[in-house]
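Below: one structure, written as structure tokens.
What follows is calculated from the coordinates using simple rules that are stated; it is not laboratory data. Please read all numbers here as calculations on a predicted model, not as lab measurements. Positions of Cβ are generated from backbone atoms using ideal geometry, with glycine treated the same way; all protein chains shown enter the neighbour counts.
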Amino acid sequence: MAARHKLVCGLDEAGRGALAGPVVAAAVVLPVRHRLKGLADSKLLPAKERERLAEQIRQRAEAWAVAEASPEEICGLNILQASLLAMRRAFDALELQPGVSLRILVDGRYYPRGLPAGKAVVDADASVPAVSAASILAKVHRDELMRCLESEYPLFAFGRHKGYPTPQHLQELARHGPLPVHRRTFAPVMELLQTELEL
């Protein structure tokens with residue numbers, strides 16, 4: 001009977017495919033009756049809807065936390081391991097009531113080392129409410145970080161493309177060169193750095 005009453009802790013990340021900025025992960029523990037409507041994979045939601053849901057998630061969750069792995073850690077570890085590291089950091093940052101029993105579900109194929117026993121589920125961000133909630137918190141947090149980076153580096157429209165390899169971002173890279181926040185082991189950035197060395 002106790003297993004049926006475990007709360008679900010969902011884990012997901014945002015920013016794996018970007019060329020710049022950190023990868024961000026979130027951990028969310030929802031109440032059994034959370035009454036949050038509209039939860040879905042964050043990539044499928046309009047920005048305003050994500051932000052509205054993020055506020056509700058932060059208010060109604062039993063616990064939630066957001067964590068990052070930096071561009072330097074991404075380059076040192078690789079993007080998969082950095083994503084899993086950010087997830088572990090998010091889980092470790094949760095403030096849970098004593099005695100809470102959790103069922104941990106992670107979006108994707110890989111489960112972070114160092115977490116209590118749980119399960120990785122492909123497309124869990126579209127089918128498990130707690131994972132959808134984590135997806136939303138991670139995406140909203142990262143989008144805000146990228147908007148802040150645009151203030152710091154106004155030659156790059158990070159608030160628009162969020163560091164992903166859009167035509168606009170690739171043009172900015174070619175025109176201005178990589179910044180300290182770019183992921184230097186990702187092909188488009190690495191190619192530019194190599195070209196600079198050869199000149």
query = Which cross-chain or sequence-distant (5 or more) residues have an amide H under 5 Å from the amide H of ALA120, H modelled 1.01 Å from N in plane?
reply = VAL106
Pairs from LYS43/LYS119; LYS37/LYS162; LYS139/LYS162; LYS48/LYS119 whose Cα-Cα separation, in the structure shown, is over 19 Å = LYS43/LYS119; LYS37/LYS162; LYS48/LYS119
message = I want the local charge near LEU53. Using Cβ-Cβ distances under 14 Å, sum +1 for each Lys or Arg and -1 for each Asp or Glu among the other residues.
response = +2
Compactness of the chain, expressed as Rg and Dmax over alpha-carbon positions, Å = 17.8, 68
ask   = So what J values fall out for the stretch 167-178 if you push phi through Karplus, 6.51 cos²θ - 1.76 cosθ + 1.60 with θ = phi - 60°, rounded to Hz, Gly and Pro as x?
value = x, 4, 5, 5, 5, 4, 4, 5, 7, 10, x, x
remark   = Amide H proximity to ARG103 below 5 Å, modelled H, separation 5+ or other chain, gives LEU7, VAL8, CYS9
message = List the aspartates and glutamates whose Cα sits under 14 Å from the Cα of LYS6, skipping any in the same chain fewer than 8 residues away.
response = GLU62
ask   = Sorted by packing (mean other beta-carbon atoms within 10 Å per residue), highest first, where do 139-150, 97-108, 167-178 land?
value = 139-150, 97-108, 167-178
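Counting other Cβ atoms within 10 Å of each Cβ, which trypsin sites (Lys or Arg not before Pro) in the stretch 1-83 have at most 10 and sit in a DSSP loop? Numbers along the way, then the final one.
Numbers: sites: ARG4, LYS6, ARG16, ARG33, ARG35, LYS37, LYS43, LYS48, ARG50, ARG52, ARG58, ARG60; in loops: LYS6, ARG16, ARG33, ARG35, LYS37.
Passing sites in the stretch 1-83 are ARG33, ARG35, LYS37.
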